[in-house]
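Everything below concerns the one structure shown next.
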């Protein structure tokens, strides 16, 4: 189903607190859902610690490989917030207090409260566009194909809403789910593999999960062509029905 | 706080369903908590799709950089379960049905039900050790420093419990949290930065979160030396108290 014309994306989550387990990430799922809804293929996610060399290397690896890179975390006022400086370094541009960003901070803070730490949140790499933050004003930014957003989920969501209309999107991936229930994967795997080969325009995945009553399996057909997705969905549903009725081997 | 003697780890999550947003990953947080509890530094996480070249490249990049690599997902019986083959390819070893793994599957399935698809779950790279799966029997495996586990959270947890005693662990990272409440990050950032410099044996992070009543900020001191952590915790707590009482600028 790999589409050379696809709009692709990667997420870079920046933060020791995710790697220590102290904070459980919620942004990956939110951005993944968003990408799927608008027709952007999310292709990769990385989580790295608050260390400059790791952040710079990941930004450069991901921006070379994908249409868009979304970063979350590390743009606050404290000493461990180093994302903006690292993105500037990755792009080889300077970084300084941006008058537009400073003006945004002044919507929230009195001039006498805009101390050096808070002004760190107005440090923006040269050439970047700002991403508005309606919640706490300190902006994110876009430079090249990299979108730098906050880690606090509510603020990240607001920034994602703000950048959404600026993103180029592709054909939406349509998705159909066939409930296989407690029909074992091992019983339908051979038939499903044959269907996957016969319906090469779609991708077919099998996803077990566990409930109190044992396995609950789902088969998902994904593709960009509605007729191809429907043909595969129908064939998978027929396979599941056939196996449930015990009329097949 | 980088410790050259540290035991480090990376997680590789394998699965289109995570990247599409259909499934929200729970395993990263579980493994992160586990690593922190036993003194393993989780240093990186990657999520990649069900594509052989991406999986092989990620396995090889991560196993070169870390003491341990934990993978989740892609070891079931269906055509989209390609993790075992990819790990074999990454290590340059052959892969075939392993008699020990087949015996485990026979604990759950009658011989006549052990079809070709189910036997896929007994395909294990040459030289690997098995990881028991008490829930559905199909084993994970360890080869070199790579531990290949299931994606279903309950099974992943059982496999993690099984491999835990075999892992070399380091000094535990001790963690102390100072509640800053609604004291703004921008107000304590300068003081905290100075403390971070003065207490270089620990790492100090500031983590804002949002509640219905506005920001709720936490400062976390982490380190392996109990006395150093306590000294930093005490200094941070004093800073927060001082700023709350308004006796500092």
| said: Between residue B:216 and residue B:119, how high is the FRET efficiency from 1/(1 + (r/R0)^6) when r is the Cβ-Cβ distance and R₀ = 45 Å? Nearest 0.05. | reply: 0.30
| task | Using a 10 angstrom cutoff on alpha carbons, build the Gaussian network for chain A and name the most mobile of A:209, A:94, A:234. | result | A:209
| Spin-label point model (7 Å from Cα, Cβ direction): what's the residue B:227 to residue A:227 distance in nm? | 7.7
| said: Going 7 Å from the Cα of residue A:33 along its beta-carbon direction, which residues of segment A:124-144 have the amide nitrogen within less than 17 Å of the resulting point? | reply: none
| task | With springs only between Cα atoms under 10 Å apart, run a GNM on chain B and tell me which of B:219, B:28, B:47 wobbles the most. | result | B:219
| request: For segment B:179-249 and segment A:182-249, write down the distance between their C-alpha centroids in whole Å. | output: 52
| request: Just tell me how shielded A:203-211 is by partners: mean number of partner chain Cβ atoms within 10 Å of each residue's Cβ, no decimals. | output: 6
| note | Working note, segment A:8-166: Cα radius of gyration (Å, one decimal) and Dmax (Å, whole number) are 14.6, 45
| note | Sorting from shortest, the nanometre distances separating the label point of residue B:200 (7 Å past Cα along the line to Cβ) from those of the same residue in the other copies are 6.0
| Looking down the axis that turns B into A, which residue of B has the closest beta carbon, and how many Å out? | B:46, 3
| request: Could you check what % of the DSSP bridge pairs in the protein assembly as shown are antiparallel, to the nearest 5? | output: 60
| query | In nm, what does the list of distances from residue B:179 to its counterparts in the other copies look like, shortest first, when each label sits 7 Å along Cα to Cβ? | reply | 4.3
| query | How much length, in nm to one decimal, is gained on full extension between residue B:194 and residue B:52, taken as 0.36 nm per residue of separation minus their Cα-Cα distance? | reply | 46.4 nm
| query | Ranked highest first by average number of other Cβ atoms within 10 Å, how do B:65-74, B:154-163, A:194-203 line up? | reply | B:65-74, B:154-163, A:194-203
| message | Give me P(r) over segment B:75-161, computed from all C-alpha to C-alpha distances, binned every 10 Å, as integer percentages. | response | 19, 55, 25, 1
| request: Using per-residue counts of other Cβ atoms within 10 Å, averaged over each peptide, order B:186-192, B:125-131, A:146-152 from highest down. | output: A:146-152, B:186-192, B:125-131
| Could you work out the helix-only [θ] at 222 nm for the protein assembly as shown, with each DSSP H run of four or more residues adding -39,500 (n - 2.57) and the total divided by the number of residues, to the nearest 500 deg cm²/dmol? | -11500 deg cm²/dmol
| Calculated P(r) of the protein assembly as shown - Cα pairs past 44 Å, % | 19
| query | To the nearest whole number, what is the average tally of beta carbon atoms from other chains within 10 Å of the beta carbons of peptide B:80-92? | reply | 1
| message | Expected output is a single nm value to one decimal: the length gained when fully extending between residue B:5 and residue B:112, i.e. 0.36 nm times separation in residues minus the C-alpha distance. What is it? | response | 33.4 nm
| query | What is the antiparallel percent of DSSP beta bridges lying wholly in chain B, to the nearest 5? | reply | 60
| field | Over chain A, relative contact order from alpha-carbon pairs under 8 Å, at least 6 apart, % | value | 17
| R0 = 51 Å: FRET efficiency of residue A:129 with residue B:166, Cβ-based, nearest 0.05? | 0.55
| query | What number in nm² do you get for segment B:148-249 if you take the convex hull of its Cα atoms and divide its surface by four? | reply | 9.4
| Test item: A:35-45 mean partner chain Cβ contacts at 10 Å | 4
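Every number here is computed from the coordinates shown, using simple stated rules; none is lab data. Being a predicted model, the structure only gives us computed values, none of them experimental. Cβ atoms come from the backbone with ideal geometry, glycine included; neighbour counts cover every protein chain shown.
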